[in-house]
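Just so it is clear, none of the values below were taken in a lab; they were calculated from the coordinates. Keep in mind that this is a model prediction, so the values were computed, not measured. We place every Cβ from the backbone using ideal geometry, glycine too, and count neighbours over all the protein chains shown.
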Amino acid sequence: MHYGGSVSALPTVTITYCTQCRWLLRSAWLAQELLTTFESSLGAVTLVPATGGVFHIYVDDMMLWERKRDGGFPDVKLLKQRVRDVIDPTKDLGHSEATP
């Protein structure tokens, strides 16, 4: 589904990360990548500190990534594809779309 209109109608990405594990920089980098790629398609990217080895990424209420479930951290290319598939399936990701 493509979101349009006001900023409040745009989807929000939430990245919850473990502060004990020092995953803030990784989370901030992923947030930057998503905001750069989807600058007019996202309302916000929110970083949420947590503990206990938590690392998960949601678009609104849909979980896109969970570190334990998905076996580590997402490759930025894969994460962008998953976000795109939820918020704007017709968006061309350019070099992130190319297969090796």
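Once you list every other residue whose beta carbon is under 14 Å from the beta carbon of Pro74, what net charge do they have if Lys and Arg are +1 and Asp and Glu are -1?
Every neighbour counted, the sum reads +3.
Hull surface divided by four, with the convex hull built on the Cα atoms of segment 7-87: how many nm²?
Mean shadow area of the hull around the Cα atoms is 4.9 nm².
How many nm separate the modelled label positions at Val48 and Asp60, each set 7 Å beyond the Cα in the direction of the Cβ?
1.6
Using the basic label-point model (7 angstrom from Cα toward the beta carbon), what is the Leu78 to Thr12 distance in nanometres?
Taking the simple label geometry, Leu78 and Thr12 are separated by 2.7 nm.
Once amide H atoms are built 1.01 Å from N in the peptide plane, which residues 5 or more positions from Phe55, or in another chain, come under 5 Å H to H?
The answer is Arg67, Lys68.
Glu39 versus Leu24, label points 7 Å from Cα toward the beta carbon: distance in nm?
With each label point 7 Å from Cα toward Cβ, the separation is 2.7 nm.
Calculated from DSSP H runs of 4 or more alone, at -39500 (n - 2.57) each and per residue, what is the 222 nm mean residue ellipticity of the chain, nearest 500?
The helix-only estimate for the chain comes to -9000 deg cm²/dmol at 222 nm.
Could you work out the relative contact order of the chain? I mean the mean sequence separation of Cα pairs under 8 Å and 6+ apart, divided by the number of residues, in percent.
This gives 31 percent for the chain.
Nearest-5 percent of antiparallel DSSP beta bridges in segment 7-87?
Within segment 7-87, antiparallel bridges account for around 55 percent of the total.
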